[in-house]
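Nothing in this text is a laboratory measurement; each read-out follows from the coordinates by a stated rule. Please read all numbers here as calculations on a predicted model, not as lab measurements. Backbone-built Cβ (ideal geometry, glycine too); neighbour counts: all protein chains shown.
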Amino acid sequence: MIDPLANNIPPVERVKEAQVIGLYIDINDVPEPVRKPVIAVYSDGFKDQTGQRRSNSKYATFSTAITQAPHAYLIRTLKHSGFFEVVERVSLDAVTKERQLIRSTRETFDEDQKLLPLKFGDMIMTGGVLSYQANISSGGMGARNLGIGISRQFREDIITISLRTVSVSTGRILTEVLVTKTVLSASLDNDVFRFVSDSTELIEIEGGAVKNEPTSLALQMAIETAVLETIKEGVKNNYWRIKE
C-alpha cells in the first residue's frame, strides 16, 4: 500500500509537546488526586467571547463547536481527565424538576426513603474562547510542517481560550490560564486528512465515519492544555494534592 503522506518535502522537526506542558503529557495520563475537586461548569460560564458569527468565507470559517457549545468540550475534558468530579449545572432546571417529582411521589405513597441532597461544587470553572482565526494558505513553513507540496492549500486554525477556577466559598480566583493553540490541517485526498498541532501529528482516514472539523480539534486541544495547566497550577499552590 502506498503511504498517502509520501512526498519529496521532509517535515520539520519540532519540540516535543511534553516539554511545553511540563508535568503531564496527555489528558489521560493525569495522576490520581488524593480527593477529587468537585467542579461546576455552567453553560453561560464558558462560552464564545469573540463576538464573531459563522461566515461563508473560506478565510474566516467559524465553527458551531465554538458558537454553540464550548462548555460541552470543557465538561468532556474534565470528565476524561479523571482528576475532577463534575456536577450537573447545564440542565439544572431539569434535574430540580425531576427531584421534585420524586419527592412528591414518595410523599403520596408514604415512602420513608430520603432523597439525597444535591452535591455542591467546591469550585466553578469559567472563561471562554477569546479569539479565533482560520486562514487558508499555501507554501511556507505550514506546508513543510504538514509535509505537503508548496502548491497544495492548507488550513491554519488559531484559538485562544481563558480558563479560570473560582472558589465557591470565598469567590477567590484560584487559577487562571491563557492558552493559544494552532492546528494545521490539509486534505490529502477525499478520505485522508492530516492534522498537525505543535509536535502532534494525526492522520485520519474517513472510511465512512464523520471526520474531525479542524476548528473542533483546535478547540478540544486548547481546552485539554488549559485543564492540564490548571491541574499543574493547583498542585503547585496546594489547592489539591496527587497520590504518591
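Points worth noting:
- Rounded to whole numbers, the Karplus 3J(HN,Hα) couplings from phi for segment 166-179 are 10, 6, 5, 6, 10, x, 6, 7, 7, 9, 8, 10, 10, 10 Hz, using 6.51 cos²θ - 1.76 cosθ + 1.60 with θ = phi - 60°, and x at Gly and Pro.
- For the residue pairs K36/K79; K79/K232; K181/K232; K47/K181; K36/K114; K119/K236, the alpha carbons lie more than 22 Å apart in K36/K114; K119/K236.
- Estimated vicinal HN-Hα couplings, Hz - segment 124-139 in sequence order (Karplus 6.51, -1.76, 1.60; Gly, Pro = x): 10, 9, 10, x, x, 7, 8, 8, 8, 9, 9, 10, 10, 9, 8, x
- Estimated FRET transfer efficiency when R0 is 35 angstrom, pair L115-N28 (beta carbons, to 0.05): 0.50
- Spin-label model distance (nm) - S138 vs E176, 7 Å beyond Cα toward Cβ: 4.4
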